[in-house]
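The values are calculated or read from the model by the stated rules, or taken from the named source; none is laboratory data. This is a predicted model, so every value here is computed, not measured. Heads up, the Cβs are rebuilt from the backbone with ideal geometry, glycines too, and the neighbour counts pull from every protein chain shown.
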Amino acid sequence: MSYTTQAPTQTHIPASIEAAADGGGKEFLAFTLGREEYGIDILRVQEIRGYEPVTRIANSPEFIKGVVNLRGTIVPIVDMRIKFNLGSPTYDQFTVVIILNIAGRVVGMVVDSVSDVTTLTPQQIKPAPEIGTAFDTDYLIGLGTLGERMLILVDIDRLMSSAEMGLIEDMAA
């Protein structure tokens, strides 16, 4: 996957987002972690499921809750609240697992709740400011603005394929 750099902010915008300018917009699945709203590319979402207990794997990082068997496929489950240091997770009726398909690998992501699918035009996506955030801004596409509402847009491909996650081999391979 190719990334472009926009001066002077050094924001990496995936080509699929830039290509959305031709079609008028790009769809993002909006979800919450704590009091913040995030968005990921809807094309990476395979399904959304309720949270269910996982099988813990010894010596895995704390943010990897474990694995589940999803119709014969063993799927690692990442708790994004733990990954982003957003406090202790609580699992209730709103907690969901977003099943992602990234580079041919299936990964689950636990979030507090899912709200909707939102279409953003390139003009509605602003560069992420260089401030102290819960995670490295390398994993941010930018901020999606919808009136008073703001979505923190996560480059889920880069995040899930990062070396620290250890879930997906180098996507360039």
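Things to note:
- Val67 vs. criteria of a type outside the set (S, T, N, Q) and either more than 24 Å from Arg149 (Cβ to Cβ) or under 13 Å from the mean Cα position of the chain (by Cα) (or both): yes
- Cβ-Cβ distances below 6 Å connect the following pairs, each with a first residue in the range 61-81 that is on the phi < 0 side of the Ramachandran plot, a second residue that is crowded, with 16+ Cβ neighbours inside 10 Å and in a loop (DSSP other than H, G, I, E, B), and a separation of six or more residues or different chains: Lys65/Val54; Val68/Val54; Pro76/Leu167; Ile77/Val54; Val78/Phe63; Asp79/Phe63; Asp79/Pro89; Arg81/Pro89.
- Test result for Thr118, touching a Leu at 6+ places or on another chain (Cβ under 9 Å), at pLDDT 85 or above and hydroxyl-bearing (Ser, Thr, Tyr): yes
- Residue, surrounded by the most Cβ atoms within 10 Å (Cβ to Cβ), within the range 128-161, restricted to residues that are modelled with pLDDT under 90, over 12 Å from the mean Cα position of the chain (by Cα) and among the hydroxyl-bearing types (Ser, Thr, Tyr): Thr137
- Residue under evaluation Phe84, criteria (1) at pLDDT 95 or above; (2) under 18 Å from the mean Cα position of the chain (by Cα); (3) not charged (D, E, K, R), criterion not met: (1)
- The residues listed here are Glu37, Glu52; of these, the one that is touching a strand residue (DSSP E or B) at 6+ places or on another chain (Cβ under 7 Å), over 27 Å from Leu146 (Cβ atoms), in contact (Cβ under 8 Å) with a residue 24 or more places away in the chain and of a type in the set (Asp, Glu) is Glu52.
- Residue count, the range 47-65 (criterion: surrounded by fewer than 16 Cβ atoms within 10 Å (Cβ to Cβ) and either of a type outside the set (S, T, N, Q) or closer than 15 Å to Val111 by Cα (or both)): 11
- Residue within the range 70-81 that is touching a strand residue (DSSP E or B) at 6+ places or on another chain (Cβ under 9 Å), loosely packed, with under 14 Cβ neighbours inside 10 Å and of a type outside the set (D, E, K, R) present: yes
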